[in-house]
Amino acid sequence: MSATTIGLIFGAATLMAMFSGLPIAYALGAVALLFMYFFMPASALDTVTQNVYEEMASVTLLSIPLFILKGAAIGKSRAGQDLYAAMHVWMGRIPGGLGIANVFACALFAAMAGSSPATCSAIGSAGIPEMRKRGYSPGFAAGIIAAGGTLGILLPPSITMILYAVASEQSLGRLFLAGIGPGILLVAMFASYAVFRYRKERSCASAGSPLLSIETFSVREKFEMLPRVLPFVILLIGVMVALYGGYATPSETAGLGAVLALTLIAVVYGMWRPRDVSPILASTIKESTMLMFIIGMSLLFSYVMSYLHISQAVAQGIVELQLSRWFLLAAILLLVVALGFFLPPVSIILMTAPIILPPLKAAGFDLIWFGVLMTIVMETGLIHPPVGLNIFVIKNIAPDIMLKDIIWGVLPFVILMLLAVVLIALMPSIATGLPNLLMGLPTR
Amino acid sequence: MHALHLFALKLNRSLAKLHGMLLALGMLSLLAAAVVLTYSVFARYFFKLTTDWQDEAAVFCLVGTTFLCAGQVQMLRGHIGIEAIKGLLPVRLEQARYFLIDLTALVFCSFFAWKSWTLCHEAWAENYTTSSSWGPPLWIPYALMAMGVSVLALQLLAQTLMFGGVVPSKDHPK
């Protein structure tokens, strides 16, 4: 049987297993095992556990549970509300400042916590009620938080980027840095839209609407907010210095970040008792175990695809189509969008990397730059239906906002993110400029 | 059928207690990994000590946490899947679908558990170690993997028997 035929059966079996509702990790593992049994030597089945262990026992991959721990520690403390309150006070006088405060708070929190749902939950639980109290429409309030939360998978330390670095064999340090420029671009675009939207909603506001009132804060009030926020900003900077100053490897940075985050919440919020810390550890274990199982089985799945020459045949087939490089890029990004309807970023990266990266490399694209584009495209998957994880997080924290309003509210942000993808495609230095500046040009 | 259901419930209750203990162990192990890696940074830069064991020790801790707590995550139905057809089928077919999902996962995890114990035994008998200068024995992480996947398989067995038995549909995870 040719590799193409096996590939078609493999693809069909994977789709069937996944759409049956079988958890993704088991679906990938079971399909891999089935094809090992039928198409690979019997000895392959004997080494299946060793393969999974060796793939999972990578110190880079195992930094993921520790980054999740760092995020959970910050996410379960009052840091999100404090950060939001500080941004609100400092930006209160700017027209549309409340919206901007939400975007900035989301970006900072996302960079500290590295998790989109945690960002939505932490900032949204304070930000959405405040925006609604100030007269903003519920859809916009929900949309800005859902979109701001997606920055968690773009800004370092991003778990999505860690997986992409492993799958594409690119430098994790470079990838983390490459996410910063596009992250700032998205923050600027979201903030500009917040100002535009504020003006629009204000011009339509009736007399007596809270949107027409201007809130002022004294200098004292502003400075009183700082002591609760600065330690976390120092943590954010400290972790980056440890990583890029050459003091710690990415996994050590993850461990250090987790210990510092736990220490900070103990000192700032008094969260040091076992009853405070155990929910943080339990939620970390739940999320990281689920992710690590998907990762382990995805790697087994990719190994089988590679052994049976499926990924090579598909990649070769794409190269032989001789598509123009931009058409190839657009087609691949559309595929990522389509997969984002059903799959989390973790699975998309690990399942597609062996197929899509060789043709992109052959077409001369920089894989660091592509990683950023792919991440932003996957970010949109977090806020568009049917998966749209962040939409459901928002629905959870603001149950009285209609799902229809949330979806309409996030739509402008999806368009802005796709616009950012076009801008970064046209000006790659938005992504590659910072890593090239700080780490030198990559060796080819 | 009733006896099977009672057995599944008893098994589930016993496993819940075991998961509680394994979760506590997993929490300590997760904290230990974070502390070991932090120590590694301080040991290298402040005390100029060599750091040859920290990465592997952290990997063992984190592998242990991942596998030992997999059963507890399964008990909470924490492994995500695509639920595109959820709610589209009649109740009985939906129950049959859940039964088949759990059964498939059970078969897969049972095979994985069996092969993990084989690997662990081989590493013990042949005295396999990692390739680093520290060279700890590999049966340790393999045993953690084997134990964890075995507990996961037992959890899946309990869940398979419950959905295949006479558990009313209101007990189904939403």
Separation of the A:Trp408 and B:Lys10 label points, Cα + 7 Å toward Cβ, nm: 5.8
C-alpha center-to-center spacing [region A:31-62, region A:316-358] in angstrom: 24
Likely footprinting exposure, A:Glu252, B:Glu126, fewest C-beta neighbours within 10 Å first: B:Glu126, A:Glu252
For chain A, radius of gyration divided by Kirkwood radius, i.e. Rg to Rh on alpha-carbons: 0.99
Rounded to whole Hz, the Karplus (6.51, -1.76, 1.60) HN-Hα couplings of region A:277-288, x for glycine and proline: 7, 5, x, 5, 5, 5, 5, 4, 5, 4, 5, 6
Distant-in-sequence amide H partners of B:Thr129 (H built 1.01 Å from N, under 5 Å): B:Leu138
Size of charge dipole - region B:12-133 - debye, nearest 20, with Cβ of Lys, Arg +1 and Asp, Glu -1, no other charges: 460
Pairs of alpha carbons in region A:15-78 whose separation is greater than 14 Å (percent): 71
Tail fraction, Cα-Cα pairs, region B:35-174, threshold 26 Å, whole percent: 44
Extended-chain gain in nm, criterion 0.36 nm per residue less alpha-carbon gap, A:Glu130 and A:Ala331: 68.2 nm
Computed magnitude of the charge dipole of the protein assembly as shown (debye, nearest 20; Cβ of K, R +1, Cβ of D, E -1): 1600
Order of A:Ile397, A:Ile123, B:Ile85, A:Ile24 under a 10 Å beta carbon neighbour criterion, fewest first: B:Ile85, A:Ile397, A:Ile24, A:Ile123
In order through region A:79-88: 3J(HN,Hα) via Karplus (6.51 cos²θ - 1.76 cosθ + 1.60), integer Hz, x for Gly, Pro: 4, x, 5, 5, 4, 5, 4, 5, 4, 4
For q = 0.13, 0.27 Å⁻¹, Debye-computed log10 I/I(0) when each Cα of region A:368-444 counts as one equal scatterer: -0.52, -1.19
Chain A, relative contact order [Cα under 8 Å, separation at least 6], %: 26
Per-selection Kirkwood Rh - region A:225-280 (Cα, Å, 1 d.p.): 12.1
Under 5 Å, built H, 5+ apart or other chain: amide partners of B:Gly81: A:Ile24
Highest-fluctuation residue, B:Phe47, B:Phe99, B:Phe112 considered, GNM on chain B with Cα pairs under 10 Å: B:Phe47
Candidates A:Ala107, A:Ala32, A:Ala362, ranked by Gaussian network fluctuation over chain A, Cα under 10 Å, top entry: A:Ala362
Cα-Cα separations in region A:295-367 greater than 22 Å, expressed as whole percent: 22
Taking B:His19, B:His121, B:His2 and counting other C-beta atoms within 10 Å, the order from fewest to most: B:His2, B:His121, B:His19
Gaussian network model of chain A, springs between alpha carbon atoms under 10 Å - residue of A:Ser171, A:Ser43, A:Ser302 with greatest fluctuation: A:Ser43
Signed unit charges on C-beta, dipole axis of the protein assembly as shown, positive-most listed residue A:Leu98, A:Phe232, B:Ala43: A:Leu98
Relative compactness, region B:1-83, computed as alpha-carbon Rg over 2.2 N^0.38 Å: 1.59
³J(HN,Hα) computed for each position of region A:94-100 - Karplus, 6.51 cos²θ - 1.76 cosθ + 1.60, integer Hz, glycine/proline x: 6, x, x, x, 5, x, 5
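Taken together, the values in this text are just the output of simple stated rules run on the coordinates, not laboratory data. Remember, predicted model here, so these are calculated numbers, not experimental data. Because the Cβ atoms are built from the backbone with ideal geometry, glycine has one as well, and the counts that use them run over all protein chains shown.
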